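Asker: Here it is: the structure, laid out below.
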Amino acid sequence: MIPVASLTWREIVRFFRQRNRIVGALGTPIVFWVLLGSGFHGSFRGDGANYLVYLFPGTAVLILLFAAIFSTISIIEDRREGFLQGVLASPVPRSSIVLSKLLGGTAIAVAQAGLFLALGPLAGVGVTPVGALQAGALFMIIAFGLTGLGFLVAWRMDSAQGFHAVINLFLMPMWFLSGALFPVEGAPAWLQWTVRLNPLSYGMSAVRHALSEGRMAWPAVAVIGMFGAIMFAACVGQAARPE
Amino acid sequence: MSDVAVEADGLGHVYGDRVALNGVSFAVRSGEIFGLLGPNGGGKTTLFRILATLIVPSSGRARVLGRDVMAEPRAVRRALGVVFQAPALDGKLTVAENLRHHGHLYGWAGRPLRERMRELLSLFHIEERARDRVETLSGGLRRRVELAKGLLPRPEVLIMDEPSTGLDPGARLDLWSHLKKLHGVTVVLTTHLLEEAERCDRLGILAGGRMVASGTPDALKAEISGDVVTVAARDPAALGEKMRGRFEVAPAVIDRTIRIEIARGHEFVTRLIEAFPGEIESVTVGKPTLEDVFVHRTGRRLMNEDGTSSAL
């Protein structure tokens with residue numbers, strides 16, 4: 001376990017030494033939240049709440065999504081800077097290398113989403129301590145799977161530009177179709193189906209339940225946990241293939 | 001078997017339709033410093049990457065301490081210290097952090113790791129820079145960190161790709177004095193530098209993906225009888241032809257010079273200059289070097305005139 005802990009820690013240290021990455025991952029979603037939330041404030045009539053409050057859990061998930069997926073750009077940097085070859089030539093199993101990348105990305109993402117959660121009361125979003133703890137646990141499960149998704153795309157890439165091009169294809173659609181922006185119940189049937197096929201919807205729904213009701217939606221948690229496990233297995237398979 | 005540390009048997013590797021290695025075989029004895037000498041593009045780095053378990057050869061097999069690199073990569077990785085030609089450090093981390101993480105990857109931790117780090121930092125004279133981020137270090141200093149990293153887990157077999165790239169002459173000497181002191185450690189290194197090749201216990205010469213010669217540096221040089229006379233001329237091809245007619249020699253025209261292997265070279269030079277007055281720009285006579293061995297075996301020069309290695 002020493003190698004996993006060591007590589008995970010490196011991932012975190014590296015992130016905090018590159019300040020601009022924090023601004024990108026945390027800043028963009030917050031700007032989204034303020035602009036969308038305020039803009040739709042007058043016209044939103046769902047759930048009996050105001051739109052800033054409705055959008056709050058979605059924004060937390062967007063922060064997770066951005067931070068987790070973009071943390072895997074470090075794989076491309078590691079490959080380009082040569083660090084990765086040293087790790088690949090070491091006796092550490094491929095599964096440990098994958099695990100440390102996913103844990104590192106998860107830690108980075110959860111820290112940022114947690115920070116955002118702490119801002120909630122300032123914006124009038126009431127979060128109970130139990131709800132916050134539950135949301136924190138959910139953040140970890142969601143971020144693990146999302147980091148895995150980023151890993152799968154990043155592993156064979158040799159440039160960050162290529163990574164952005166591919167990842168943008170499903171980054172925003174995944175979020176739009178997760179129930180983050182609008183209540184799924186009111187949407188047309190075809191849209192409801194795409195939401196149901198999107199693994200992030202289940203994370204979204206679980207986070208919403210935790211924050212508004214302080215309750216764990218176990219079936220949704222199981223789906224998102226399964227997504228994380230599948231992503232991990234796929235990453236290990238990817239990393240074990242000979243170059 | 002027990003005294004063979006590294007062996008390659010008919011190794012071949014193909015990138016697309018380019019053949020990088022073609023049936024390379026050799027054996028490195030335990031505790032030996034074995035050099036793979038050759039120009040860039042000769043197949044050295046491909047061979048290095050196969051031994052480092054990073055690529056799978058297209059044909060043949062390789063073993064490190066009796067373990068097959070393809071069948072048991074983890075056992076091989078545990079025994080190996082690896083120094084890459086391209087940097088393999090994390091620039092955002094300090095020198096000490098890089099070494100510490102590397103130790104962790106090889107199962108080192110706690111006090112033994114701290115002591116080992118201190119030892120290597122002082123050996124490579126980088127103690128004062130231990131807390132600096134690697135990205136702030138000069139190329140030569142980074143190279144020293146790289147070497148310290150490769151040696152850190154006390155590998156039984158150390159493989160190094162062009163280890164003295166980026167080292168100044170002083171640091172190069174330090175590296176070699178250290179390599180010579182590594183008793184019991186088998187070293188396989190690639191190089192395109194003749195003075196580095198001279199220091200190896202044994203050499204394999206790689207050109208065009210083939211092992212064209214192997215042996216101790218002295219034995220290789222002994223293949224060439226007598227002296228090597230090198231002649232520079234305005235029209236080397238024409239002059240070479242004339243020499244062939246006039247003397248019992250086999251001149252080889254390589255780049256812009258004529259090269260002749262001959263016994264009693266100093267006497268030949270006198271006759272040569274008298275025979276072709278005005279056609280010769282300069283003449284040198286020397287004992288055979290590894291460069292001459294390379295030319296003898298491949299018909300090409302290892303180094304270009306500007307000191308860069310020629311691609312085959």
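The values are calculated or read from the model by the stated rules, or taken from the named source; none is laboratory data. All of these numbers come straight from a predicted model, not from anything done at the bench. Cβ sites come from the backbone with ideal geometry, for glycine too, and all protein chains shown count toward neighbours. Just so you know, the surface numbers come from the protein's heavy atoms only, side chains and all, with ligands and any DNA or RNA stripped out. Shrake-Rupley method; radii C 1.70, N 1.55, O 1.52, S 1.80 Å.
Asker: Being closer than 30 Å to residue B:154 by Cβ and crowded, with 17+ Cβ neighbours inside 10 Å is the filter here; which residues of the stretch B:200-237 pass it? Can you show your working first?
Answerer: As a first pass, look at the stretch B:200-237 and keep what is closer than 30 Å to residue B:154 by Cβ: B:200-204, B:206, B:211, B:214-217.
Of everything in the stretch B:200-237, those that are closer than 30 Å to residue B:154 by Cβ and crowded, with 17+ Cβ neighbours inside 10 Å turn out to be B:200, B:202, B:203, B:204, B:206, B:211, B:214, B:217.
Asker: Find the residue count for the stretch A:186-208, including only residues that are farther than 26 Å from residue A:150 by Cα and either within 19 Å of the chain's Cα centre (by Cα) or open to solvent by 50 Å² or more (accessible area, probe 1.4 Å) (or both).
Answerer: Quick first cut of the stretch A:186-208, residues farther than 26 Å from residue A:150 by Cα only: A:186-190.
So of that shortlist, the ones also either within 19 Å of the chain's Cα centre (by Cα) or open to solvent by 50 Å² or more (accessible area, probe 1.4 Å) (or both) come out as A:186, A:188-190.
Total meeting the criteria: 4.
Asker: Quick test of your reading of the structure: residue A:41 fulfils all but one of (1) of a type outside the set (S, T, N, Q); (2) more than 14 Å from chain B (Cβ to nearest Cβ); (3) under 18 Å from the mean Cα position of the chain (by Cα). Name the failing condition by number.
Answerer: Residue A:41 satisfies every listed condition except (3).
Asker: Filtering the stretch A:73-83 down to residues that are open to solvent by 10 Å² or more (accessible area, probe 1.4 Å) and of a type outside the set (D, E, K, R), which residue is farthest from the other protein chains (Cβ to nearest Cβ)?
Answerer: By that ranking, first place goes to A:73.
Asker: Within the stretch A:177-185, does at least one residue satisfy the condition of being open to solvent by less than 40 Å² (accessible area, probe 1.4 Å) and at pLDDT 90 or above? If you could, list the steps in order and put the result at the bottom.
Answerer: Going through the stretch A:177-185, the residues open to solvent by less than 40 Å² (accessible area, probe 1.4 Å) turn out to be A:178-181, A:183-184.
If we keep only those that are at pLDDT 90 or above too, we end up with A:178.
Yes - at least one qualifying residue is present in the stretch A:177-185.
Asker: Please find, within the stretch A:6-32, the residue that is farthest from the chain's Cα centre (by Cα) out of those that are within 18 Å of residue B:103 (Cα to Cα) and not basic (Lys, Arg).
Answerer: The residue in question is A:6.
Asker: Scan A:21, A:94, A:17 and give me the residue that is of a type in the set (Lys, Arg), open to solvent by 10 Å² or more (accessible area, probe 1.4 Å), facing chain B (nearest Cβ under 10 Å) and over 30 Å from residue B:79 (Cα atoms).
Answerer: Working: A:21 fails: facing chain B (nearest Cβ under 10 Å); A:94 fails: over 30 Å from residue B:79 (Cα atoms).
Step by step, each of A:21, A:94, A:17 is checked, and only A:17 is of a type in the set (Lys, Arg), open to solvent by 10 Å² or more (accessible area, probe 1.4 Å), facing chain B (nearest Cβ under 10 Å) and over 30 Å from residue B:79 (Cα atoms).
Asker: If you don't mind, there's one more thing I want to ask. If we scan the stretch B:138-154, do we find a residue that is surrounded by fewer than 16 Cβ atoms within 10 Å (Cβ to Cβ), assigned by TED's automatic domain parsing to the domain that holds residue B:36, over 17 Å from the mean Cα position of the chain (by Cα) and of a type outside the set (Gly, Ala, Ser)?
Answerer: First, the residues of the stretch B:138-154 that are surrounded by fewer than 16 Cβ atoms within 10 Å (Cβ to Cβ): B:138-140, B:154.
Checking the rest, the ones that are also assigned by TED's automatic domain parsing to the domain that holds residue B:36 come to B:138-140, B:154.
Next, only the ones that are over 17 Å from the mean Cα position of the chain (by Cα) stay: B:138-140, B:154.
Narrowing the set further to residues that are of a type outside the set (Gly, Ala, Ser) leaves B:154.
Yes; the residues of the stretch B:138-154 include at least one that is surrounded by fewer than 16 Cβ atoms within 10 Å (Cβ to Cβ), assigned by TED's automatic domain parsing to the domain that holds residue B:36, over 17 Å from the mean Cα position of the chain (by Cα) and of a type outside the set (Gly, Ala, Ser).
Asker: Suppose we filter the stretch A:35-72 for residues that are at pLDDT 85 or above and surrounded by fewer than 18 Cβ atoms within 10 Å (Cβ to Cβ); how many remain?
Answerer: Residues meeting the conditions: 1.
Asker: Oh, and also: Say we look at the stretch B:73-97 and pick out the residues that are more than 23 Å from residue B:188 (Cα to Cα), facing another protein chain (nearest Cβ under 9 Å) and not basic (Lys, Arg); which of these is most open to solvent (accessible area, probe 1.4 Å)?
Answerer: Residues of the stretch B:73-97 more than 23 Å from residue B:188 (Cα to Cα): B:90-97.
Adding the requirement that they be facing another protein chain (nearest Cβ under 9 Å) leaves B:90-93, B:97.
Filter once more, so that each one left must be not basic (Lys, Arg): B:90-91, B:93, B:97.
Numbers: B:90: 0, B:91: 16, B:93: 1, B:97: 35 Å².
Per the criteria, the residue is B:97.
Asker: Okay, moving on. Mind telling me which of the residues B:98, B:40, B:22 ends up being part of a helix (DSSP H, G or I), among the polar types (S, T, N, Q), in contact (Cβ under 8 Å) with a residue 24 or more places away in the chain and on the phi < 0 side of the Ramachandran plot? First the steps, then the outcome.
Answerer: Numbers: B:40 fails: part of a helix (DSSP H, G or I); B:22 fails: part of a helix (DSSP H, G or I).
Exactly one of B:98, B:40, B:22 is part of a helix (DSSP H, G or I), among the polar types (S, T, N, Q), in contact (Cβ under 8 Å) with a residue 24 or more places away in the chain and on the phi < 0 side of the Ramachandran plot, namely B:98.
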